[in-house]
1. The conditions are (1) surrounded by fewer than 16 Cβ atoms within 10 Å (Cβ to Cβ); (2) modelled with pLDDT of 75 or more; (3) part of a helix (DSSP H, G or I), and Leu79 fails exactly one of them. Which is it?
2. Any chance you could count how many residues in the stretch 4-49 are open to solvent by 70 Å² or more (accessible area, probe 1.4 Å) and either at pLDDT 90 or above or within 12 Å of Arg108 (Cα to Cα) (or both)?
3. Among the residues of the stretch 123-149, which ones are open to solvent by less than 70 Å² (accessible area, probe 1.4 Å), over 13 Å from Asp62 (Cα atoms) and at pLDDT below 75?
4. Answer yes if at least one residue in the stretch 59-70 is aliphatic (A, V, I, L, M), at pLDDT below 90 and either open to solvent by 90 Å² or more (accessible area, probe 1.4 Å) or part of a loop (DSSP other than H, G, I, E, B) (or both), and no otherwise.
5. Hey, Lys102 hits all of (1) surrounded by 10 or more Cβ atoms within 10 Å (Cβ to Cβ); (2) within 22 Å of Phe20 (Cβ to Cβ); (3) at pLDDT below 90; (4) among the basic types (Lys, Arg) but one; which does it fall short on?
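The values are calculated or read from the model by the stated rules, or taken from the named source; none is laboratory data. None of these values were measured; they are calculated from a predicted model. So basically every Cβ, Gly included, is an ideal-geometry build from the backbone, and we count neighbours across all protein chains shown. Remember, those area values only see protein heavy atoms, side chains included, never the ligands or the DNA or RNA. Shrake-Rupley method; radii C 1.70, N 1.55, O 1.52, S 1.80 Å.
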Amino acid sequence: MTVEQKNDRKVMVGGLVDTFHHTLDPKKRLTIPSEWRDAMGMELGDKDAREYVYVFPNATEDCIDLVPVREMRKILDDLSRNDILENDPVATALAQSAQMLKVDSAGRIRIGDDLLEFAGIRGDVTLIGAYRKAQVWAGEKKPKAGKLDVAAFRAALAQRRKGGAAT
């Protein structure tokens, strides 16, 4: 991930960070934060990265995962190296519910009604960055932020730098 200067602000390129609160417009469109459009390559790089995103149900939470094109390419490349997708009903179910959405000139997407219903999204939306992807939550369902345990974070980071897993 790199930081670039754009006009009067610094832009994180390659990582989706922060939390944003939005509301679906009357046509049920969601505006992707401009900071994320930059990070997703929508103003840089190839045309597909600027014009499309993928959304699909989160595997463990009642929210929607929003994934940039370049990250989806990595996911699909990893999966294609294995036979995991061959006759896999879970993979088929996920593929059936995933959507490749066009991003309009104002940075908006229209998530399908089935996914909006799955996540319970009707109006208010909370977008939570998770570096390579983002989570889209119904405003009232968003996960509660836990207290940041700085000591545990530092210990895990130190362990990772040593090349081992944190315990």
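1. All conditions are met except number (2).
2. 5
3. Selection gives Gly146 alone.
4. yes
5. (3)
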